[in-house]
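Structure first, then comments.
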Amino acid sequence: MDPAQSAVTLTVREALHTLSSSEDGGRLLSTLGALKRYLSGAENSALPGEQEEFARMHFSAVLRCLVGRLSPGWLELLPDGQLEDLWASFFLEGPADQAFLVLMESIEGAAGPSFRLMKMAQLLARFLSAGRMAAVMEGQSRQLTEPAFRLLQETLLTKVVGLPDHLGNRLQRENLEAFLPQNYFPLLGEEIMRVLQAVVDSLRGGWDCSVSFLSQVLGKACVHGRQKEILGVLVPRLTALTQGSCLWRRVCWRLVECVPDRAMEALLTGLVEAASGPDVLSRLLGNLVLKSKKAQFVMTRKILFLQYRYSTPMLQSLLGYLAMDSQRRLLLRQVLKELLETWGSPSAVRHTPLPQQRYVSSALLICLAHLQDTELRDSRDELLASLMAGVKTRLDSSLPAVRRLGMIVAGVASTRIHPDGPPLRFQYEEDELSRELLALAAPPPVADSPSEAEASPAVETPDRGSMDGGVPQAQSEGLGSDLDSDDELVPYDMSGDQELKSGKAPAYVRDCVEALTSSEDWERWEATLRALEGLIVRSPAAAREVSVELAKVLLHLEEKTSVVGFEGLRQRALVAVVVTDPALVAEYLTSQFYALNFSLRQRMDILDVLTLAAQQLSRPGRLPKAPQCGSPSPTSQPSSTQAPAWRAVVQERIRSKTRRFSQEWTWRVLGHRVLGHRGPLGAVTGAGSCLCPTVHGTVPTVGVLPGGGAWHLEHRVFAALSQVGAGRWPQRIQLGGWLLLLPPHSAL
């Protein structure tokens, strides 16, 4: 055993026995004096090794013995309070952390109101007023590696921050002024400043220190809701100290970085409220928002979107802090995008209260004021899309306050986001809210360029003279009564305006069949009907693939909506289908002419369509398209894919110019050559499918059409035959032959 340690141990053991059993005041005085030699700074102090061993192993036991002997009779063993002063000196001059823990332990362990409880509370008040709390925290700033150090820190942290609660619970109505929260936490802030000063001095002297315990104390105090009391002392002092010292800035940055995540929100909100501006906040926090995910969430999400109890100056400090560094400005741009999305969200407009909407609008305008045009240009399209969506949502709101807020923000934001484009301007009455929002949109003054700061208000809020193009003041006052007149407005040319349709017409003929039969979108249905004729003409090959199906759909098509010119559109589409594929479509129409469940209107439509199609096919200027086999020759015949030999050309010319007077030859030629001509109409009339089956006399009209419908229908048949026959003359002869085949029961 070390002789020095054994001497300290024996001395302390004898002293504890004397203190616990003796009633002699002189002996107690000498015993306490012998123990006080082991305290640092005492007269006739012991060796440093003995002092260290006493503080580490025996000091707490001595203090507990002194607390156990405390009584009115024991203190009166010496006159004039000598014993009490010597007794208290052990708590006020010994190791502060152990003294503080023993004091708190004795107060919490008291059974109830007593002399000992009040004496210990008064001693604790002297302990605080003497600045011993700074010694407690300064002792934890040294980098210790003992295993029990973490447990000691946790115990001290709980006792230091929870002191007002513990003392209030024990003392009740007899609580002292020093232990009230409004008095204790400002004192704790002063003690933290003293410790920070000691840390800075140690760093300048080359000694390593830690501010981790101070960060935990600060964070826990803020979590307890005492940001205003403790930060009200710290922030002004740190603002002055960090203005000209980089070392103080680094210490402050480290102080807030070491705050636990669970206390980060409480600390940051308190700092933002207590800071006098963004420059102060930047000096105190540094790039904390980039280093800590929790701090980034609190400053860019929770304060801006989830809470709205903070003032406008606080918003300016927070967003100005993000704008003061090039790396933090990236976060500011992201915040602007999210603010615009939230501002324009229909759900947010419906479900958030109006004060929160004003809060988000203020933050949005402050962001726009801090960002430059070059920074907004990169995401201009996205910002404009969010802005216009928000304007529409807010103008559609039934609340006047929401609509007015949308007008104010949209007018300012459109000018900032897209300065080259036309701004959004609305008419609204100016009040305190509108003036406040417009003031937030003004760019903040720049310290190194005062001319720009002076010119910025003129850009945002130009006077009336500049807006009127240099009109004198007297003249502008005279025109004040005509501000609401629209006589000078130039009317917009609306001659070429077209009605916007949300329905899109199909691009293929096959899609038209589906759109006309199964589409529930009436605008698409109408667009399909209007575009169908053009699609058939442009794509005849595609139309032939679905010609019969398309004719069936058009024949049974009914007007589902009030479409202008519905009958004409349907008829022209049917005619186009017949002209494109005359053989199949005409055969289908004629086969359905006398079918059951057809109305008289539909049968008349069949005749009209066949008549119009025959007229188009027999038009003299209409020539059939040549097959696609190279460049067609102007003299090539439709029925041949190769140019005829020169002998055939000569014979054809001779035959066409030769006049014959024999009747037998004429009928032979007309019957076999002219009527057999395979033109567009000939392909149909030759097969007998261009007219209804009545021409062949195979389908009687009796029993199919009631009343006078048969007579009317046969009259329309003869009219159709006459119109078709009025076309090219080769068809007239065969039509005359068809007329002779009419059944004898015809009403005509």
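None of the figures in this text is laboratory data; all of them are computed from the coordinates on show. Keep in mind the model is a prediction, meaning the values are calculated, not measured. Virtual Cβ from ideal backbone geometry, glycine too; neighbours counted across all protein chains shown.
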Taking neighbour Cβ counts within 10 Å as the exposure measure, how do TRP248, TRP525 sort from fewest upward?
TRP248, TRP525
Given R₀ = 51 Å, FRET efficiency for LEU438-ASP261 by Cβ-Cβ distance, to 0.05?
0.85
For THR658 and LEU584, what does the FRET efficiency come to when R0 = 30 Å and r is the distance between their Cβ atoms, rounded to the nearest 0.05?
0.15
Sorted by Cβ neighbour density within 10 Å, fewest at the top, the residues MET133, MET299, MET118:
MET118, MET133, MET299
For the range 1-71 and the range 379-408, distance of Cα centres in Å:
78
Gain on full stretching of the segment that runs from ASP80 to ASN287 - 0.36 nm per residue minus C-alpha separation:
68.6 nm
Rounded if a/c is under 1.5, else prolate if a/b beats b/c, else oblate: with a ≥ b ≥ c from the C-alpha gyration tensor eigenvalues square-rooted, which is the range 1-141?
oblate
Extension gain VAL650-ASP608, at 0.36 nm per residue separation less the Cα-Cα distance, in nm?
10.9 nm
Would you please state which residues of the range 576-616 a label at ARG538 would reach in this model, taking the label point 7 Å out along Cα→Cβ and a backbone N cut-off of under 17 Å?
576-577
What is the sum of charges, Lys and Arg at +1 and Asp and Glu at -1, for the other residues whose Cβ falls under 12 Å from the Cβ of LEU187?
-1
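Which net charge results for the neighbourhood of LEU395, defined as the other residues with beta-carbon distances under 12 angstrom from its beta-carbon, given Lys and Arg at +1 and Asp and Glu at -1? Please list the in-between numbers first.
Numbers: positive: LYS392, ARG394, ARG403, ARG404; negative: ASP396.
Every neighbour counted, the sum reads +3.
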How high is the relative contact order of the range 509-618, given as a whole-number percent (alpha carbon pairs under 8 Å, six or more residues apart)?
26
Tell me whether the range 549-603 comes out rounded, prolate or oblate; compute the Cα gyration tensor, take square roots of the eigenvalues as a ≥ b ≥ c, and use a/c under 1.5 as the rounded threshold.
oblate
Centre separation in Å (Cα based) which lies between the range 206-257 and the range 134-197
15
Row for the range 509-618, column shape: gyration tensor on C-alpha, a ≥ b ≥ c, rounded if a/c < 1.5 i.e. under 1.5, prolate if a/b over b/c, else oblate; value oblate
The equivalent-ellipsoid semi-axes of the range 322-442, taken as the square roots of five times the Cα gyration tensor eigenvalues and listed largest first in whole Å, are 22, 15, 14
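Rank-order 310-317, 175-182 by packing density, defined as the average count of other C-beta atoms within 10 Å over each peptide's residues, highest first.
Numbers: 310-317: 17.1, 175-182: 14.9.
Output ranking for 310-317, 175-182: 310-317, 175-182.
For ARG64 and GLU559, calculate 0.36 nm times their separation in residues minus their Cα-Cα distance, and state this gained length in nm to one decimal.
Difference between extended and current length: 167.9 nm.
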Ordering of 151-159, 433-441 by burial proxy (mean other Cβ atoms within 10 Å per residue, highest first)
433-441, 151-159
List, in order, the whole-Hz ³J(HN,Hα) value for each residue of the range 536-546 obtained from phi through the Karplus relation with A = 6.51, B = -1.76, C = 1.60 and θ = phi - 60°; use x for Gly and Pro.
5, 5, 6, 10, x, 5, 5, 5, 5, 5, 10
